[in-house]
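Here the structure is laid out as structure tokens; the discussion comes afterwards.
Please treat every number below as a calculation from the coordinates, not as lab data. None of the values given here were measured: they were computed from a predicted structure. For neighbour counting, all protein chains shown are included, and Cβ atoms are generated from backbone atoms with ideal geometry for every residue, glycine included.
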Amino acid sequence: MQRTRKLSMAGIAVGALALTVSTSIPLAYGHGYTTSPTSRAKFCADRVVQNCGQIQYEPQSTEGPKGFPGAGPADGKLCSAGLSQFAQLDDQRNGAWPATALTSGATYTFRWHLTAAHATTDFKYYVTKANWSPNQPLTRAQLELVPFLTVPFNGARPGTEVSHSGRLPNRSGRHMILAVWTIADTANAFYQCSDVRFG
């Protein structure tokens, strides 16, 4: 009887520990990457760009703290979402990243592929300033901190393929677009950097 009670108490303790661990971790994770314009993460996953490290296996995982631009990843680590295993995404590579051709001021359809959808606050798009420095890692000082496009979701869960249209900013030459997908029910967002060339 005494041994049975001890085993029961041990079982309760293990169950309580498991419940504590399971409730401290979100049960669902959103993951995704931009396919239009093609992000650095996607180019790495497609093996279009070499020497990418871990991101080539999980382009959907550039997840960092939300709240950009007031919070979020540190300057110089925006493309990797501040994750050291994806640091290759922050390397400008002297302009060697493939750039998607865009038309300044035109209407454009942005696309994401989500490998795990999640309740969503919004999608926001930022562009580099006209006088940005393409040889330096991306920082807030190099970006227009007011997004040129915001697509609110108000907590809704998007589908696997997400697309929405908006007007591109007026720019010329090589730039970067930072896309931020903010999750509604976690403390995180997903960050995707795309190299573009405005004609």
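Go through (1) under 15 Å from the mean Cα position of the chain (by Cα); (2) surrounded by fewer than 21 Cβ atoms within 10 Å (Cβ to Cβ); (3) farther than 17 Å from residue 138 by Cα; (4) touching a residue at least 40 places away in the same chain (Cβ under 8 Å) and name the single condition residue 56 misses. Of everything listed in (1) under 15 Å from the mean Cα position of the chain (by Cα); (2) surrounded by fewer than 21 Cβ atoms within 10 Å (Cβ to Cβ); (3) farther than 17 Å from residue 138 by Cα; (4) touching a residue at least 40 places away in the same chain (Cβ under 8 Å), residue 56 misses just condition (4). Can you tell me which residue in segment 167-179 is farthest from the chain's Cα centre (by Cα), limited to those that are within 20 Å of residue 88 (Cβ to Cβ) and aliphatic (A, V, I, L, M)? Going through the qualifying residues, I end up with 176. Taken over segment 86-119, the criterion of being within 20 Å of residue 169 (Cα to Cα) and surrounded by fewer than 12 Cβ atoms within 10 Å (Cβ to Cβ) is satisfied by 101, 103, 106, 107, 109.
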